[in-house]
Amino acid sequence: MDQKIISSQQLKDFVLYHKLINSDRIIQFNAIVTMITSKNKITNKNIKVMVTFEGYNNYGQLSLFDSEIDPYLFPTVFEAKYQIMQHIDNEYLEINDVHTKNPDIGKYKIKIIPLEQYK
């Protein structure tokens, strides 16, 4: 099976399993996020997360919203079409990839543990 389809399904499983969709079909929630890149690390930071599945040929997109994160040092937008996403042990979402255009990010791993959805 194609990796983008697997990543998309893993992202959907993560959202559904943790009941992160509100009554208006909006997927926004607080999460504990750990990000490890080739040169930097953020551990257990509370961050607002949004997931969308809208648009033609959209396999799913996850965005991190925190004004303290430097986007030149850490990735903040992840697409199931390009990144490897795995729902690990029904506990957290893990995202892995290599940022080929920014060596300060390089190879990275993101761990997202959901807390609660926005109402």
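For residue 69, indicate whether it is out of contact with any Leu (no Cβ under 9 Å at 6 or more places or on another chain), part of a loop (DSSP other than H, G, I, E, B) and aliphatic (A, V, I, L, M). Yes; evaluated as a whole, the condition is true for this residue. Step by step: first the residues of the range 3-37, then only those that are assigned to a loop (DSSP other than H, G, I, E, B) and in contact with a strand residue (DSSP E or B) (Cβ under 6 Å, 6 or more places away or on another chain), then the one that is modelled with the lowest pLDDT. Which residue is that? The extreme case among them is 22. Within the range 1-20, the set of residues being surrounded by fewer than 19 Cβ atoms within 10 Å (Cβ to Cβ), within 16 Å of residue 58 (Cβ to Cβ) and of a type in the set (A, V, I, L, M) comprises 5, 6.
Residues being loosely packed, with under 13 Cβ neighbours inside 10 Å and on the phi < 0 side of the Ramachandran plot are entirely absent from the range 30-38.
Filtered by the rule that a residue be more than 15 Å from residue 63 (Cα to Cα), in contact (Cβ under 8 Å) with a residue 40 or more places away in the chain and part of a loop (DSSP other than H, G, I, E, B), the range 77-115 gives 90, 103, 104, 105.
Yes/no per residue for (1) in contact with a Pro (Cβ under 6 Å, 6 or more places away or on another chain); (2) over 26 Å from residue 5 (Cα atoms); (3) touching a residue at least 60 places away in the same chain (Cβ under 8 Å); (4) of a type in the set (Phe, Trp, Tyr):
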{"site": "32", "(1), (2), (3), (4)": "no, no, yes, no"}
{"site": "35", "(1), (2), (3), (4)": "no, no, yes, no"}
{"site": "41", "(1), (2), (3), (4)": "no, yes, no, no"}
{"site": "58", "(1), (2), (3), (4)": "no, no, no, no"}
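Please work out if residue 74 is surrounded by 13 or more Cβ atoms within 10 Å (Cβ to Cβ), in a loop (DSSP other than H, G, I, E, B) and modelled with pLDDT of 95 or more. When the stated conditions are applied, residue 74 passes them.
Among the residues of the range 77-119, the one identified as acidic (Asp, Glu), in contact with a Ser or Thr (Cβ under 9 Å, 6 or more places away or on another chain) and surrounded by fewer than 18 Cβ atoms within 10 Å (Cβ to Cβ) is 104.
The values are calculated or read from the model by the stated rules, or taken from the named source; none is laboratory data. Because the structure is a prediction, the values reported are computed rather than measured. A quick note on method: Cβ atoms are made from the backbone with ideal geometry, for glycine too, and the neighbour counts reach across all protein chains shown.
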